[in-house]
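The values are calculated or read from the model by the stated rules, or taken from the named source; none is laboratory data. This is a predicted model, so every value here is computed, not measured. In this analysis, Cβ positions are derived from the backbone assuming ideal geometry, glycine residues included, and neighbour counts consider all displayed protein chains. Quick note on the areas: whole protein, heavy atoms, side chains included, nothing else; ligands and nucleic acids left out. Shrake-Rupley method; radii C 1.70, N 1.55, O 1.52, S 1.80 Å.
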Amino acid sequence: MYQLYYSPRNASAAVHWLLHALDVPYELIRIDRKQQQQKSAEYLELNPSGRIPTLLIDGKPLTETAAILVTLCERHPQKMYMPTIDQNDRTHFWQWMMYLTNTLQNELMIYFYPHTNDPHGIDAIKQAQAIRLDEILALIDRELSQHSYLVGNALTACDFFLFLLGYWSLALPNPLTNHPNLHRYLRLMAQHPSIVATNEIEQFDLACDELK
Ligand SMILES: N[C@@H](CCC(=O)N[C@@H](CS)C(=O)NCC(=O)O)C(=O)O
């Protein structure tokens, strides 16, 4: 049995979609970020970084979105959301999972939560990040010009992660139409049955113009 500590539209959404797609039993436990519940003593016991998500696997906590996604794929290999060890795409799966968590997710975090002691520095950080992020999205766009999904032509757990980060990227100043392959891909992923099914809980506005 799985229990996912989540907050709508947070990094937990990628895990939520994968759990739904795997068709395994799971329970959702909502964390109220307005009340800073992710910093409560009870939650810090499970996830000392005070971040969302945390997944309980048979009562034991696992943190970090990428680690949770890979662990779920490994626990349910027959569902094929990660290439097997003898498939060529396996190395690319790892490459993109790492890129999404270390680079795209991280750079988005700096854009959305800029920290500086310079009261005039926030805008400068956001402007610089918008440029860096546009380069990252351009790289992903080039990859998506070659196949339907991020790791070849079969959907993997990387795609749930990329859809989430791509959705967050809709808030960046540059229009998504700058990246036509990524735009096409996000519109396709917005129709995925697990994303559609969990939409109400996650409060994703999939009817927004960019995803139509
Ligand atoms: N690398 C972590 C990052 C998690 C993370 O930063 N989550 C955000 C929500 S998307 C969060 O918990 N923010 C609340 C906080 O920093 O207090 C992961 O992917 O699990």
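Against the condition in contact (Cβ under 8 Å) with a residue 60 or more places away in the chain, within 10 Å of the ligand (Cβ to nearest atom) and in contact with a Phe, Trp or Tyr (Cβ under 9 Å, 6 or more places away or on another chain), how does Ala21 come out, does it pass? In short, no.
Quick check: is even one residue across the stretch 196-208 assigned by TED's automatic domain parsing to the domain that holds Leu133, exposed (fewer than 12 other Cβ atoms within 10 Å of the Cβ) and in a helix (DSSP H, G or I)? For the stretch 196-208, residues assigned by TED's automatic domain parsing to the domain that holds Leu133, exposed (fewer than 12 other Cβ atoms within 10 Å of the Cβ) and in a helix (DSSP H, G or I): present. When restricted to residues that are touching a helix residue (DSSP H, G or I) at 6+ places or on another chain (Cβ under 6 Å) and farther than 17 Å from Ile140 by Cβ, the stretch 76-115 contains 7.
Give the residues of the stretch 33-74 that are basic (Lys, Arg) and free of Cβ contacts under 8 Å to residues at least 12 places away in the same chain, sorted by residue number.
Lys34, Lys39, Lys60
Among residues of the stretch 98-118 that are over 13 Å from Ala171 (Cα atoms), those with a Cβ under 6 angstrom from a residue that is more than 11 Å from the ligand (Cβ to nearest atom) and open to solvent by 70 Å² or more (accessible area, probe 1.4 Å), sequence gap 6+ or separate chain, pair up as Glu107/Arg132.
Only one of the numbered conditions (1) closer than 16 Å to Phe204 by Cβ; (2) touching a strand residue (DSSP E or B) at 6+ places or on another chain (Cβ under 8 Å) is violated by Leu18, and that is (2). Considering each residue of the stretch 25-32 in turn, at least one proves to be open to solvent by 40 Å² or more (accessible area, probe 1.4 Å) and touching a residue at least 60 places away in the same chain (Cβ under 8 Å). Within the stretch 70-85, at least one residue is modelled with pLDDT of 95 or more, more than 18 Å from the chain's Cα centre (by Cα) and among the hydroxyl-bearing types (Ser, Thr, Tyr).
Of all residue pairs spaced 6 or more apart or on separate chains, those with beta-carbon atoms under 6 Å, a first member in the stretch 149-166 that is touching a residue at least 12 places away in the same chain (Cβ under 8 Å) and a second member that is open to solvent by less than 10 Å² (accessible area, probe 1.4 Å) and assigned to a loop (DSSP other than H, G, I, E, B) are Cys158/Leu150; Cys158/Val151; Asp159/Leu150; Leu162/Leu150. Residues that are surrounded by 14 or more Cβ atoms within 10 Å (Cβ to Cβ) and either more than 15 Å from the ligand (Cβ to nearest atom) or within 21 Å of Thr198 (Cα to Cα) (or both) are absent from the stretch 33-45.
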